[in-house]
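Peer 1: Can you keep this structure in mind? I'll have questions shortly.
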Amino acid sequence: MKKEICKIETLKDNKRMSTQDLLQLIATKIDEGYTNFDINACGQHNIGGSSWAKNRDKELIFNVKNPGQRVGAMALPGTKILVEGSAPADVGWLNSGAKIIVYGDCGDTAAHCAAGGKIFVSGRVGTRSGALMKHDPKFELPEFWVLKNAGSFGFEFMGGGIAVICGYECDGLLSVLGSRSCVGMVGGTIYVRGPVSEISDCVCINSLNDEDIQFLSSGMIEFLKDIKKDALYSELTKWSDWKKIIPINPVLRKNKISVSDFRKEHWVNGGIFGDFIQDDFVVYDLPAVGNGRVRVPKWNGKNCVDCKICLNNCPQSAITIEDNLYKSDKDKCIGCSICSAVCPKNCWEMISNRKEIT
Ligand code: SF4
Ligand code: SF4
């Protein structure tokens, strides 16, 4: 196991190393036994993601300057990524167990789809951050801690994990979660300090209980230590300043409305293209058969070798053979395009349902 740090300079003689070359170089160095990297990047993507140390007892450490998008994407347990300064979009996308610390702000969609590990940010995060965070009970909860605030549309469709938005230096903001946050949130918890407005009505805002305070008290020590802001502990642990956002159980949700009524009453007045077309607000069941399909398969048997792969893979048993011609039954077919994808001879073409079906 190499003890020294592997320093990688990605700009030489005004030539920038490609993302692929950088990631391959990192993989080679890991194979040689390096575990500690110091990377002076110029916007290369995915740094620190999906790498195991050769000896898995050893932690992989990446110190990164000037990363591109998706720093720490799909990063694995046993990985620590420290970003000096700010980072662009998708920090920790689908983080799967790494600790990622950003000593600055993050662009949009930080912690998007995060499923494990910890993401610590010592500044602000952009729009749609925390969206689709999730938790598989087989693994530890993902955590996403932000010292300041999050942009709009955050935590959409969050399904699990914990986010902590500390609202530091956010005086004057109407909402430390921007607007339209938590739409479609079905799981997880967001702890927030500071004002919150224009939040989705599928969540509720509660006071903290003892368990919440215990979690935040110990987590805050680690977070502030890692972002080198220990001095803020007493300011950020006045628990009366905090709230907890959780989803409302859909079964208990009042005022349930149909998708059609939602579009009529809550969506853009007259429909999203209301200025141009009259919307009948009909919502089709999915998947549709018959004329409800958007695209339908059309068979051209010129090259057909009669292997029956399409027939055997159709999930609807919609394909039949008559007089050596393959047909798809429009009352069974859901337009999934599997026949077209599996045919080795490109005999099935998915066409618009407005054209005649053969
Ligand atoms: S589009 Fe899907 S459902 Fe329709 S015939 Fe092909 S495989 Fe079957
Ligand atoms: S998969 Fe293609 S080549 Fe095979 S039977 Fe179906 S249409 Fe013919």
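Read the figures in this text as sums done on the coordinates, not as results from a lab. It should be emphasised that the depicted structure is a prediction, and the values quoted were computed from it without experimental measurement. Heads up, the Cβs are rebuilt from the backbone with ideal geometry, glycines too, and the neighbour counts pull from every protein chain shown.
Peer 1: I want to check the label-to-label distance for S218 and K3. Put each point 7 Å from Cα in the C-beta direction and report it in nm to one decimal.
Peer 2: Inter-label distance under the simple model: 3.4 nm.
Peer 1: Rounded, prolate or oblate: which fits segment 78-142, taking a ≥ b ≥ c as square roots of the Cα gyration tensor eigenvalues, rounded meaning a/c under 1.5, else prolate when a/b beats b/c?
Peer 2: Oblate.
Peer 1: For R295 paired with E59, estimate the spin-label separation in nm (one decimal), with each label point 7 Å from Cα along the Cα-to-Cβ line.
Peer 2: So the label points at R295 and E59 sit 4.7 nm apart.
Peer 1: Report the calculated FRET efficiency for A288 and C204 (r = Cβ-Cβ distance, R0 = 25 Å), to the nearest 0.05.
Peer 2: So the FRET efficiency works out to roughly 0.10.
Peer 1: What's the Cα-based Rg to Rh of segment 173-248, Rh via Kirkwood?
Peer 2: Ratio value, two decimals: 0.99.
Peer 1: Counting alpha carbon pairs within less than 8 Å and at least 6 residues apart, what relative contact order, in whole percent, applies to the chain?
Peer 2: Taking the mean separation of contacting Cα pairs over the length of the chain, I get 7 percent.
Peer 1: By how many degrees, between 0 and 90 and to the nearest 10, does the Cα long axis of helix 210-226 differ from the longest principal axis of the chain?
Peer 2: Approximately 70 degrees, to the nearest 10.
Peer 1: Pick out which of G130, G116, G292 has the largest mean-square fluctuation in a Gaussian network model of the chain, springs linking Cα atoms closer than 10 Å.
Peer 2: G292
Peer 1: Can I ask one more? For the chain, rounded, prolate or oblate, judged on the Cα gyration tensor with a ≥ b ≥ c (square roots of eigenvalues), a/c < 1.5 rounded, else prolate if a/b > b/c?
Peer 2: oblate
Peer 1: So how tilted is helix 19-31 from the main axis of the chain? Cα-based, degrees 0 to 90, rounded to 10.
Peer 2: 60
Peer 1: Along the Cα→Cβ direction, 7 angstrom out, place labels at S352 and N40. What is the inter-label distance in nm?
Peer 2: Label at S352, label at N40, 5.5 nm between them.
Peer 1: Select from segment 1-95 those GluC sites (Glu not before Pro) which occupy a DSSP coil region and have at most 12 other Cβ atoms within 10 Å, ordered by residue number.
Peer 2: Passing sites in segment 1-95 are E4, E32.
Peer 1: Of all the stretches in the chain, which is the longest one without any exposed loop site, taking trypsin sites (Lys or Arg not before Pro) in a DSSP loop (any state but H, G, I, E, B) with at most 10 other Cβ atoms within 10 Å?
Peer 2: That gives 4-137 as the longest site-free run.
Peer 1: Okay, moving on. Take the alpha-carbon positions of segment 284-352, form their convex hull, and give its projected area averaged over all directions (one quarter of the hull surface) in nm².
Peer 2: For segment 284-352, the mean projected area of the Cα convex hull comes to 4.3 nm².
Peer 1: For segment 1-145, what class follows from the C-alpha gyration tensor (a ≥ b ≥ c being the square roots of its eigenvalues): rounded when a/c is under 1.5, otherwise prolate if a/b is larger than b/c, else oblate?
Peer 2: Because a/c hits 1.5 or more and a/b fails to exceed b/c, segment 1-145 counts as oblate.
Peer 1: Sum -39500 (n - 2.57) across every DSSP H segment of at least 4 residues in the chain, then divide by the residue count to get the 222 nm mean residue ellipticity, nearest 500.
Peer 2: After summing the helix terms and dividing by the residues of the chain, the value is -4000 deg cm²/dmol.
Peer 1: Follow-up question, since we're still on this one. May I ask you to derive the FRET efficiency for D241 and K308 from their Cβ-Cβ distance with R0 = 56 Å, giving the value to the nearest 0.05?
Peer 2: Once rounded, the FRET efficiency stands at 0.25.
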